[in-house]
1. Given only helices, namely DSSP H runs of n ≥ 4 each adding -39500 (n - 2.57), what is the per-residue ellipticity at 222 nm of the chain, to the nearest 500 deg cm²/dmol?
2. Using a Cα-Cα cut-off of under 20 Å, which lysines could be cross-linked to K149, ignoring same-chain neighbours fewer than 8 residues away?
3. Would you mind giving the average projected area, over all directions, of the Cα convex hull of segment 48-194 in nm² with one decimal?
4. Taking θ = phi - 60°, what integer Hz values does the Karplus form 6.51 cos²θ - 1.76 cosθ + 1.60 yield along segment 199-206, in sequence order, with x for Gly and Pro?
5. Of the peptides 142-150, 14-22, how do they stack up when ordered by the mean number of other Cβ atoms within 10 Å, highest first?
6. Can you tell me which of 32-42, 89-99 comes out highest on packing, and rank the rest after it, using the mean Cβ neighbours within 10 Å?
7. Can you list residues whose amide H is under 5 Å from D186's amide H, if they're 5+ apart or on another chain and H is modeled 1.01 Å from N?
8. What is the sum of charges, Lys and Arg at +1 and Asp and Glu at -1, for the other residues whose Cβ falls under 14 Å from the Cβ of D35?
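Coordinate-derived values only; no laboratory data. Keep in mind that this is a model prediction, so the values were computed, not measured. When we count neighbours, we look across all protein chains shown, and the Cβ atoms used for this are built from the backbone with ideal geometry, even at glycine.
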Amino acid sequence: MKFAFSSNAFTNYSLIDSTKLISQVGYTGIEIMCDVPHAYPANFTDKMLQELKSMLEENKLEISNLNAFTLFALGDTYHPSWIEKNQDKREQRINHTIDCINLAYQLGAKNISVEPGGPLLPSENLSKEKALQFFRQGIESVLPVAEKKQIKILIEPEPGLLIENSRQFLEFMKNFDSKYLRLNFDIGHFYCVNEDPSTLISDLREYIEHFHMADIKDRVHYHLIPGLGTIDFKQVFKAIKDISFDGYITVELYPYKDKPLEAATTSFNYLQNLDH
């Protein structure tokens, strides 16, 4: 199995320093946060691009994924989302996603992950049907770019958002027939909505391109260092091996911004013991 660590735990560090540290721990991959303060495409100059490519090569790190989920540069974790009532805000999300696709192409990355629509806010009085329509239209706007650049867009279901479980994901995917729209399988997210990740891995195998990993305690959505929660990762890893998955599993621990190196190291040691 191939393990990566997400730079979104290292927001107190530059992306270059994050790359060095993640490599020193022993990971062979890095997930890059396409947002401030790391690789927000609108601010990411050619010089920064070349410096990152050199640093990745020097540290023998592959890119597991470009994380295009958050958008703190323009709003917050979720906003502007795909399902804003305001069309200009939806366009901001669409344009950002296209920028992330282009950045992935420049970096030689294979995929980007995106939020599953966004949160349905009672204050906006938006029906679920209309929100799904907005999300579908947004994906339709970016998918031709992804197909042209051969970059896969990975939808990441999350508790409390428009698409939060496997049934909703599969229903949404009926709108599309493209190998460039797939799934970022977040183990903890599915666990939080009372689904069994071990079973789902087989059920969703044709869509899975990348895994996010963090532990969860008692199905409460808070990312913990693997081993500190209640997910049975032995069973999960067995299921991953059973489908002959050869991509990356990225540990995503953004709550550990104050001690990311410790979190990355503890997780890596846990994974080495678990995978043997």
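1. -13000 deg cm²/dmol
2. The reachable lysines, counting only those whose Cα sits under 20 Å from K149, are K53, K110, K179.
3. Details: hull surface 37.3 nm².
Computed as one quarter of the Cα hull surface, the answer is 9.3 nm².
4. Listing the rounded values in order: 6, 5, 4, 5, 5, 9, 4, 6 Hz.
5. Descending mean neighbour count gives 14-22, 142-150.
6. Values: 32-42: 21.5, 89-99: 19.7.
With the highest mean Cβ count within 10 Å placed first, the list reads 32-42, 89-99.
7. H212
8. Details: positive: R93, K257; negative: E31, D76, D99, E115, E252.
That works out to -3.
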